[in-house]
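Report on the following structure.
The values are calculated or read from the model by the stated rules, or taken from the named source; none is laboratory data. Keep in mind that what you see is a predicted model, and the values were worked out from it rather than measured. Positions of Cβ are generated from backbone atoms using ideal geometry, with glycine treated the same way; all protein chains shown enter the neighbour counts.
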Amino acid sequence: MKWIVGGVVALAVLVSAGTYVYVHYVEGPAPARLTLDSSTSSTMAGGATVASSADPSGVSGAWRPTSDSTVGYRVKEVLFGQDNTAVGRTNKVTGSMTIDGTTVKTVDLTVDMSSVASDQARRDNQFKGRIMDTSTYPTSTFKLTQPINLSNVADGSTVSANAVGQLTLRGTTETVTIPIKAKRNGSKIEVNGILPVTFADWKIPSPSFGPVTTEDHGELELLVVFERAG
């Protein structure tokens, strides 16, 4: 019996130690949260910041997302007692934004959910299959339902506002308010926001699987970089 107990304890110690090494040294730290400074259109080679400059033509008109855009999730998980943060992202963002003067009239964005990827294939398989069922619900969308005033964005200032609209995840649509920051960066407009998401509100199954347990909520992160359409 002592040998059995000792073996179980030793196995538990080895699993815990191995998981600690994997989480903290092999997998490494999770990517930092998306911010306006994360945009590749805001940096040059070597990490130097590109100076923001206003476009004398103003911001009125039609805009579309560029490939510099990033949308994804951030979820806290526990693997054999070790805390970890799972992050999955994609730059497959399409849609449009219409500005009249300095008022955002419409925003219609679509994200290709099948392209969302993390640093772990097993996690991605769970995400695309059981969790988000991307074969049935291949996209997520956001449609603005209230105008946004970006009165100072034309001169390169950072503007804080709320984007109120309908967010569709896994086929379920809810009205949300996303706190955003926006700025003009040369010929681009960059918009950053984070929205807490409780999985049950969108009928998303718990991401927990096998030895991995997660909280009942996560974060939707976005950094959408717009350029003029046409």
| request: State whether the residues of region 200-216 include one that is touching a Gly at 6+ places or on another chain (Cβ under 9 Å) and in a strand (DSSP E or B). | output: no
| task | State the number of residues belonging to region 85-108 that are of a type in the set (Gly, Ala, Ser) and surrounded by 17 or more Cβ atoms within 10 Å (Cβ to Cβ). | result | 3
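Which residues, counting only those in region 85-117, are part of a loop (DSSP other than H, G, I, E, B), modelled with pLDDT of 95 or more and either among the hydroxyl-bearing types (Ser, Thr, Tyr) or in contact with a Lys or Arg (Cβ under 8 Å, 6 or more places away or on another chain) (or both)?
As a first pass, look at region 85-117 and keep what is part of a loop (DSSP other than H, G, I, E, B): 91-92, 101-102, 116.
This time we only want the ones that are modelled with pLDDT of 95 or more, so: 91-92, 116.
If the condition is that a residue be part of a loop (DSSP other than H, G, I, E, B), modelled with pLDDT of 95 or more and either among the hydroxyl-bearing types (Ser, Thr, Tyr) or in contact with a Lys or Arg (Cβ under 8 Å, 6 or more places away or on another chain) (or both), then VAL116 is the only one that fits.
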| Among the residues of region 207-218 satisfying the criterion of being surrounded by fewer than 17 Cβ atoms within 10 Å (Cβ to Cβ) and touching a strand residue (DSSP E or B) at 6+ places or on another chain (Cβ under 7 Å), which is farthest from THR98 (Cα to Cα)? | PRO211
| In region 57-71, the residues that are at pLDDT 90 or above, in a loop (DSSP other than H, G, I, E, B) and closer than 21 Å to VAL104 by Cβ | VAL59, SER60, THR66, ASP68, SER69
| field | Every residue from region 180-200 that is farther than 19 Å from LEU109 by Cα and among the β-branched types (Val, Ile, Thr) | value | THR198
| task | Sort out which residues of region 179-196 are surrounded by fewer than 19 Cβ atoms within 10 Å (Cβ to Cβ) and among the aliphatic types (A, V, I, L, M), and write them in order of number. | result | ILE194, LEU195
| field | Subset of region 60-101 [within 12 Å of the chain's Cα centre (by Cα) and small (Gly, Ala, Ser)] | value | SER69, GLY72, ALA86, GLY88
| message | Of the residues ALA161, ALA154, only one is within 17 Å of ILE99 (Cβ to Cβ) and assigned to a helix (DSSP H, G or I); which? | response | ALA154
| query | Is there any pair with a first residue in region 175-194 that is touching a residue at least 60 places away in the same chain (Cβ under 8 Å) and a second that is in a strand (DSSP E or B) and of a type in the set (Phe, Trp, Tyr) whose Cβ atoms are under 8 Å apart and which are 6 or more apart or on different chains, and what are they? | reply | LYS188/PHE226; ILE189/TRP63; ILE189/PHE226; GLU190/PHE226
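For (1) in a strand (DSSP E or B); (2) touching a Leu at 6+ places or on another chain (Cβ under 7 Å); (3) loosely packed, with under 10 Cβ neighbours inside 10 Å; (4) modelled with pLDDT under 50, each residue gets a yes or a no:
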| residue | (1), (2), (3), (4) |
| --- | --- |
| GLY18 | no, no, no, yes |
| ASP37 | no, no, no, no |
| ALA45 | no, no, yes, yes |
| ASP55 | no, no, no, no |
| TYR73 | yes, yes, no, no |
| ASP83 | yes, no, no, no |
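Condition first: under 25 Å from PRO29 (Cβ atoms), of a type outside the set (Asp, Glu) and without any contact (Cβ under 8 Å) to a residue 40 or more places away in the chain. Now tell me which residues in region 124-147 satisfy that. Before the answer, list the steps.
Here is the first cut: in region 124-147, the residues under 25 Å from PRO29 (Cβ atoms) are 124-128, 131-132.
Still in the running and of a type outside the set (Asp, Glu): 125-128, 131-132.
Once the filter is applied, which keeps residues that are under 25 Å from PRO29 (Cβ atoms), of a type outside the set (Asp, Glu) and without any contact (Cβ under 8 Å) to a residue 40 or more places away in the chain, region 124-147 yields ASN125, LYS128.
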